[in-house]
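Trainee: Have a look at this one before I ask anything.
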Amino acid sequence: MTYDAVVVGGGLSGLSAAVAVSAAGGRVALIEQGPRLGGRCYSYADPVTGDEVDNGQHVLLGSYRHLLKYLDTIGTSGLLRAQPSLQLRFHHPENGFGTFRMQRLPVPLDLASGVLTYRHLSVREKAELLSAGRRLRAWDPALQNTLASMSVSNWLESMGQGQNARDCFWDPISVSVMNETPGLASALLFAKTLRAAFFERGADSRMLIPTVGQTQLYVDRAVEFLTARKSVVRTMTGAERVLVEKGGAPRGSGTLRAGGVGITGGEEIRSGAVIAAVPHWGIPALLPRGAGVDGVIAAVRSLATSPIVSVHLWFDRPFMENELVGVIGRTIQWAFDRRRIIAGGNEERPMVACVISAAREVSSQPTSRIVETAVADLRSVYPRASEAVVTRSVVIKEKRATFSPVTGVEKFRPGAVTEIGGLFLAGDWTETGYPATIEGAVKSGFAAAGHLLAGTKGGSGLSR
Ligand SMILES: Cc1cc2nc3c(=O)[nH]c(=O)nc-3n(C[C@H](O)[C@H](O)[C@H](O)COP(=O)(O)OP(=O)(O)OC[C@H]3O[C@@H](n4cnc5c(N)ncnc54)[C@H](O)[C@@H]3O)c2cc1C
């Protein structure tokens with residue numbers, strides 16, 4: 001059987017590419033090497049408590065337009081709850097709680113309202129932050145060029161952002177958005193993300209909170225969508241190589257084109273096009289050498305990765321007063337009260353999900369030590385937690401959570417179209433304009449599908 005497309009990789013980029021091709025009438029084979037779909041974004045029922053556990057609590061924003069389109073298509077956007085406007089509660093080790101709460105006002109007054117009422121900043125720091133916001137809003141090519149060679153730290157320094165503003169505002173946001181330390185992270189990618197969230201529509205900066213586990217939100221209905229349209233989804237099916245052949249009439253003119261993939265066990269899946277939606281470290285094994293994509297293979301070898309550690313803690317009683325809290329100046333950066341987040345969350349056995357991004361040091365520690373640290377951090381935020389007993393803990397170390405979005409990384413991120421006809425690339429690491437995010441992954445999946453459907457560069461279009 002020949003498919004219109006084989007999509008290799010069942011993460012968000014592969015799922016969105018497959019859904020887009022399938023929605024246009026194409027017949028797709030989506031293959032995933034592992035036992036489950038969702039890639040770096042999945043959930044499972046905890047075997048002891050039965051609670052739904054995400055591999056890491058993900059934060060979504062109203063600016064994630066491609067993601068919202070994907071969820072609308074598969075029918076799960078109603079499983080997100082939108083904050084009325086951005087509200088981030090932070091706890092400072094000495095000064096206690098302070099909330100960055102944006103009013104529902106026109107852009108950029110909404111951001112100004114958040115800054116002006118945030119009690120962890122002095123009057124002077126608020127003025128400096130607003131001035132940084134104005135510079136960011138007045139985007140021009142010169143600023144873009146300057147940012148391209150700067151780290152987040154350099155950029156903040158150049159705008160006179162002092163240590164307290166960094167500790168209480170910039171660093172918590174940049175570390176979680178970028179999953180990299182500010183001294184290494186690209187100022188350009190961070191600035192682009194901030195602009196997309198804060199300076200287009202008021203609704204873009206709102207946090208969108210999934211009320212179900214990630215697999216239910218992103219995967220299950222996508223599989224139903226695909227199979228209802230005669231596409232095929234296969235797990236435990238790893239692609240070993242993209243099959244490349246000389247293109248002949250009517251599609252090619254002697255140039256190379258993709259004709260399917262060879263999978264583990266020797267089987268071949270033939271197709272009019274291939275979308276490689278694997279993480280960047282999977283690309284070198286998949287693509288053929290000497291076929292025009294050696295530059296891509298060399299580029300992805302320059303991308304490094306950065307870990308995220310998630311600590312899931314069950315307590316015998318609740319103590320969090322908000323659904324999430326930013327923890328300033330300690331090891332955990334954010335804590336989420338899953339009881340308030342997940343529909344039907346467990347009141348008697350509340351679970352708190354703690355996130356540590358850019359977690360190089362922590363990820364090499366033993367899990368017992370990580371749990372101790374997370375519990376101590378939570379108790380320093382909520383004294384009531386000292387009375388609460390930890391009844392269960394699960395630590396998930398995603399050592400290759402994202403590519404590392406260091407300064408200058410853009411030159412190593414290829415676009416969707418390759419020199420091999422009908423071979424397209426997708427993944428959060430491709431040229432999306434974002435750091436590694438779900439939005440970037442879905443945007444890249446849609447871009448690859450769009451080129452395939454349009455017949456770009458020897459792409460098949462749809463054969464019927
Ligand atoms: C703990 C954690 C927290 C995060 N938090 C956020 C957040 O708050 N907000 C946000 O926007 N983003 C967040 N991210 C990032 C986001 O999850 C990723 O950017 C996104 O899921 C990447 O999707 P992808 O499709 O590009 O790659 P992946 O999800 O890695 O999917 C690629 C798939 O390809 C499969 N594969 C690889 N090789 C082959 C092969 N040869 N044959 C077949 N299949 C193959 C893999 O098994 C995998 O399933 C987080 C990530 C992690 C890990």
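The values are calculated or read from the model by the stated rules, or taken from the named source; none is laboratory data. Only a predicted model underlies this, so the values are computations on that prediction, with no experimental measurement involved. Using ideal geometry, Cβ is built from the backbone for each residue, glycine included, and neighbour counts are taken over all protein chains shown.
Trainee: Regarding residue 315, is this residue within 30 Å of residue 101 (Cα to Cα) and of a type outside the set (Ser, Thr, Tyr)? Let's see the steps before the verdict.
Mentor: Values: within 30 Å of residue 101 (Cα to Cα): yes; of a type outside the set (Ser, Thr, Tyr): yes.
Considered against the rule, which asks whether it is within 30 Å of residue 101 (Cα to Cα) and of a type outside the set (Ser, Thr, Tyr), residue 315 comes out as yes.
Trainee: Continuing with this model, one more query. Just checking, does segment 378-393 include any residue being part of a helix (DSSP H, G or I), touching a Ser or Thr at 6+ places or on another chain (Cβ under 6 Å) and more than 16 Å from the ligand (Cβ to nearest atom)? Quick ask: steps written out before the conclusion?
Mentor: First pass over segment 378-393, keeping only residues part of a helix (DSSP H, G or I): 378-381, 383-386.
Right, trim to touching a Ser or Thr at 6+ places or on another chain (Cβ under 6 Å) and you get 379.
Still in the list and also more than 16 Å from the ligand (Cβ to nearest atom): 379.
Looking for residues that are part of a helix (DSSP H, G or I), touching a Ser or Thr at 6+ places or on another chain (Cβ under 6 Å) and more than 16 Å from the ligand (Cβ to nearest atom), one finds at least one in segment 378-393, hence yes.
Trainee: State whether the residues of segment 406-423 include one that is more than 16 Å from the ligand (Cβ to nearest atom), of a type outside the set (Asp, Glu) and in a helix (DSSP H, G or I).
Mentor: yes
Trainee: Additional query: Among 48, 123, 59, 53, which is among the β-branched types (Val, Ile, Thr) and free of Cβ contacts under 8 Å to residues at least 40 places away in the same chain?
Mentor: Numbers: 48 fails: free of Cβ contacts under 8 Å to residues at least 40 places away in the same chain; 59 fails: free of Cβ contacts under 8 Å to residues at least 40 places away in the same chain; 53 fails: free of Cβ contacts under 8 Å to residues at least 40 places away in the same chain.
Exactly one of 48, 123, 59, 53 is among the β-branched types (Val, Ile, Thr) and free of Cβ contacts under 8 Å to residues at least 40 places away in the same chain, namely 123.
Trainee: Out of contact with any strand residue (DSSP E or B) (no Cβ under 8 Å at 6 or more places or on another chain), touching a residue at least 24 places away in the same chain (Cβ under 8 Å) and either over 26 Å from residue 450 (Cα atoms) or of a type in the set (Ser, Thr, Tyr) (or both): which single residue out of 207, 320, 236 fits that description? So that I can check it myself, show each step before the final result.
Mentor: On the way: 207 fails: out of contact with any strand residue (DSSP E or B) (no Cβ under 8 Å at 6 or more places or on another chain); 320 fails: out of contact with any strand residue (DSSP E or B) (no Cβ under 8 Å at 6 or more places or on another chain).
Answer to the check: 236.
Trainee: Return the residue satisfying two criteria in turn: it lies in segment 39-78 and is closer than 19 Å to residue 337 by Cα and of a type in the set (Gly, Ala, Ser), and of such residues it is nearest to the ligand (Cβ to nearest atom).
Mentor: 56
Trainee: Can residue 94 be described as of a type in the set (Asp, Glu), in the same structural domain as residue 194 (by TED's automatic domain parsing) and over 30 Å from residue 265 (Cβ atoms)? Quick ask: steps written out before the conclusion?
Mentor: Values: of a type in the set (Asp, Glu): yes; in the same structural domain as residue 194 (by TED's automatic domain parsing): no; over 30 Å from residue 265 (Cβ atoms): yes.
No: the conditions fail for residue 94.
Trainee: Another question, if that's okay. Name the pairs: first residue in segment 262-289 and farther than 17 Å from residue 245 by Cβ and in a loop (DSSP other than H, G, I, E, B), second residue near the ligand (Cβ under 8 Å from one of its atoms) and of a type in the set (S, T, N, Q), Cβ to Cβ under 8 Å, at least 6 apart or on different chains?
Mentor: 264/33; 264/237; 277/13; 277/444
Trainee: Ok, one more. Out of the residues in segment 168-185 that are closer than 25 Å to residue 37 by Cα and surrounded by 24 or more Cβ atoms within 10 Å (Cβ to Cβ), state the one that is farthest from the ligand (Cβ to nearest atom).
Mentor: Of the residues in segment 168-185, the ones closer than 25 Å to residue 37 by Cα are 176-179.
Among the residues that remain, those that are also surrounded by 24 or more Cβ atoms within 10 Å (Cβ to Cβ) are: 178-179.
Numbers: 178: 11, 179: 7 Å.
Within segment 168-185, the match that is farthest from the ligand (Cβ to nearest atom) is 178.
Trainee: Moving on. Quick one: is residue 314 aromatic (Phe, Trp, Tyr) and within 16 Å of the ligand (Cβ to nearest atom)?
Mentor: Spelling it out, it is not the case that residue 314 is aromatic (Phe, Trp, Tyr) and within 16 Å of the ligand (Cβ to nearest atom).
Trainee: Also: From (1) surrounded by fewer than 16 Cβ atoms within 10 Å (Cβ to Cβ); (2) farther than 30 Å from residue 346 by Cα, pick out the condition that doesn't hold for residue 224.
Mentor: If we test residue 224 against (1) surrounded by fewer than 16 Cβ atoms within 10 Å (Cβ to Cβ); (2) farther than 30 Å from residue 346 by Cα, just (2) comes out false.
Trainee: All but one of (1) more than 14 Å from the ligand (Cβ to nearest atom); (2) part of a loop (DSSP other than H, G, I, E, B); (3) of a type in the set (A, V, I, L, M, F, W, C) hold for residue 303; state the number of the condition that does not hold.
Mentor: Looking at each condition in turn, residue 303 falls short on (1).
Trainee: If I go through segment 114-130 residue by residue, how many of them are under 29 Å from the mean Cα position of the chain (by Cα) and either surrounded by fewer than 16 Cβ atoms within 10 Å (Cβ to Cβ) or under 15 Å from residue 203 (Cβ atoms) (or both)?
Mentor: Residues flagged as under 29 Å from the mean Cα position of the chain (by Cα) and either surrounded by fewer than 16 Cβ atoms within 10 Å (Cβ to Cβ) or under 15 Å from residue 203 (Cβ atoms) (or both) within segment 114-130 amount to 2.
Trainee: What pairs can you find where one residue is in segment 391-416 and within 30 Å of residue 48 (Cβ to Cβ), the other is within 12 Å of the ligand (Cβ to nearest atom) and hydrophobic (A, V, I, L, M, F, W, C), and their Cβ atoms are less than 6 Å apart, with a gap of 6+ or different chains?
Mentor: 395/311; 397/309; 398/308; 401/308; 402/436
Trainee: So, of the residues in segment 1-22 that are buried (at least 24 other Cβ atoms within 10 Å of the Cβ) and part of a loop (DSSP other than H, G, I, E, B), which turns out to be farthest from the ligand (Cβ to nearest atom)? Can you show your working first?
Mentor: Narrowing segment 1-22 to residues buried (at least 24 other Cβ atoms within 10 Å of the Cβ): 5-22.
Adding the requirement that they be part of a loop (DSSP other than H, G, I, E, B) leaves 9-11.
Values: 9: 3, 10: 5, 11: 2 Å.
In this case the residue turns out to be 10.
Trainee: Among the listed residues 338, 330, which satisfies the condition of being among the basic types (Lys, Arg), surrounded by 18 or more Cβ atoms within 10 Å (Cβ to Cβ), under 27 Å from residue 361 (Cβ atoms) and assigned by TED's automatic domain parsing to the domain that holds residue 390? Give the derivation first.
Mentor: Working: 330 fails: surrounded by 18 or more Cβ atoms within 10 Å (Cβ to Cβ).
Of 338, 330, the one residue that is among the basic types (Lys, Arg), surrounded by 18 or more Cβ atoms within 10 Å (Cβ to Cβ), under 27 Å from residue 361 (Cβ atoms) and assigned by TED's automatic domain parsing to the domain that holds residue 390 is 338.
Trainee: On to the next question. Among the residues of segment 23-38, which ones are small (Gly, Ala, Ser) and either within 14 Å of the ligand (Cβ to nearest atom) or on the phi > 0 side of the Ramachandran plot (or both)? Write out each step before concluding.
Mentor: So in segment 23-38, the residues small (Gly, Ala, Ser) come out as 23-26, 29, 34, 38.
Listed by number, the residues that qualify are 25, 29, 34, 38.
Trainee: Being of a type in the set (Gly, Ala, Ser) and touching a helix residue (DSSP H, G or I) at 6+ places or on another chain (Cβ under 6 Å) is the filter here; which residues of segment 340-378 pass it?
Mentor: Step one: of segment 340-378, the residues of a type in the set (Gly, Ala, Ser) are 343-345, 353, 357-359, 363-364, 368, 374, 376.
The answer is 345, 353, 357, 358.
Trainee: I'm checking my understanding of the structure. Among residues of segment 47-80 that are within 18 Å of the chain's Cα centre (by Cα) and in a strand (DSSP E or B), which one is farthest from residue 112 (Cα to Cα)?
Mentor: Only one residue tops the list, namely 53.
Trainee: Sort out which residues of segment 186-241 are more than 16 Å from the ligand (Cβ to nearest atom), under 30 Å from residue 287 (Cβ atoms) and among the basic types (Lys, Arg), and write them in order of number.
Mentor: Passing the criteria: 229, 230.
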